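The values are calculated or read from the model by the stated rules, or taken from the named source; none is laboratory data. No experiment lies behind these values; they were computed from the predicted model shown. Ideal geometry is used to build each Cβ from the backbone, glycine not excepted, and the neighbour counts take in all protein chains shown. For the accessible areas, the whole protein counts, side chains as well, though only heavy atoms, and no ligand, DNA or RNA atoms are used. Shrake-Rupley method; radii C 1.70, N 1.55, O 1.52, S 1.80 Å.
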Amino acid sequence: MSSDYTPPQGEIPILHADHEILVVDKPAGLLSVPGKGPELADCLIERLKQAFPQVLLVHRLDRDTSGVMVFALTAHAQRHIGLQFEHRRTKKTYLARVAGRLEPKTGHIDLPLIVDWPNRPKQMVCHDTGKPAQTDWRVIKASDEETRVHLLPLTGRSHQLRVHMLAQGHPILGDPFYAPETASNYPRMMLHAEELRLRHPDGGLGLKFRAPAPF
């Protein structure tokens, strides 16, 4: 990954900021946190530290995924929101473009995942030792060539949506890991974190943050 890491430049769109949390629209192609080696030091959290030096990580999005990401600005908020993710109290909605016609219009995937060690960081389905992983889908628009779909992860495994869609025979278009044959045909991976719902760590008010997909 390091040899071709050319993260996008420009301002990070701020969706919300208050005394406890910071919500941004992460661009595709930018690491959430630093990778190993100085060439992978440029990342979202390091850029945010320039304006919010107290910023703390809560969750991650893959480098090639864009969309809504929440950060904590206090240790209390980091604990509070971290537990919401851990106990599946957040609700995440992703938009994806996948290969082929996905049927039926709605569905549920329940396939356990584990790291594919010889090919890490890739993940794979493993019914023996994999960790539970579930995803719901809702088709928005479909043709024989591709389907535009909302993906709703019920768990938060690494590469979950990417491996689950591959396992259905409908990989996410432009995915350099799981659909490399499509990568040259698209400017990026067609996966975007469109909406995130959570409770504010100060008072518990329900919040919804959205960022429209750029594709």
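What percent do you get for the relative contact order of the range 65-165 when only Cα pairs under 8 Å and 6+ apart count? Answer for the range 65-165 is 29 percent.
At q = 0.12, 0.16, 0.17, 0.21 Å⁻¹ the log10 of I(q)/I(0) for the range 89-215 amounts to -0.47, -0.81, -0.90, -1.25, computed by Debye summation with a single uniform scatterer per C-alpha, solvent ignored. What the chain shows is 51 Å² of accessible area per residue, with the surface traced by a 1.4 Å probe over protein heavy atoms. Under 5 Å between amide hydrogens, which residues at least 5 positions from C126 or on another chain qualify, with H placed 1.01 Å from N in the peptide plane? Amide H to amide H, under 5 Å and 5 or more residues apart or across chains, C126 pairs with L113, I114. Label-to-label distance, T129 versus R197, with points set 7 angstrom from Cα along the beta-carbon direction: 3.7 nm. Within the chain, the proportion of Cα pairs with more than 24 Å between them is 43 percent. Residues in the range 163-170 carry Karplus couplings, in order, of 6, 4, 5, 4, 5, 7, x, 10 Hz; the curve used is 6.51 cos²θ - 1.76 cosθ + 1.60 with θ = phi - 60°, and Gly or Pro positions show x.
Expressed as a whole percent, the accessible area of the range 44-109 that falls on carbon and sulfur atoms is 49 (1.4 Å probe).
Calculated from DSSP H runs of 4 or more alone, at -39500 (n - 2.57) each and per residue, what is the 222 nm mean residue ellipticity of the chain, nearest 500?
-3500 deg cm²/dmol
Do you know the relative contact order of the chain, to the nearest whole percent, from alpha carbon pairs under 8 angstrom that are 6+ apart? After rounding, I find 20 percent. Between P53, P132, P118, which gets the highest mean-square fluctuation from a Gaussian network model of the chain, Cα cutoff 10 Å? Answer for the Gaussian network model of the chain: P118.
Each other residue within a Cβ distance under 9 Å of P112 adds +1 if Lys or Arg and -1 if Asp or Glu, for a net charge of 0.
Reported to the nearest whole Å, the Cα centre-to-centre distance from the range 9-85 to the range 160-211 is 16.
Spin-label model, N185/K49: points 7 Å from Cα along the beta carbon direction are separated by 4.1 nm.
When Rg and the Kirkwood Rh are both derived from Cα coordinates, the Rg/Rh ratio for the range 1-80 amounts to 0.96. Along the range 208-214 the Karplus relation, 6.51 cos²θ - 1.76 cosθ + 1.60 evaluated at θ = phi - 60°, assigns HN-Hα couplings of 9, 10, 10, 9, x, 5, x Hz to successive residues, with x for each Gly and Pro.
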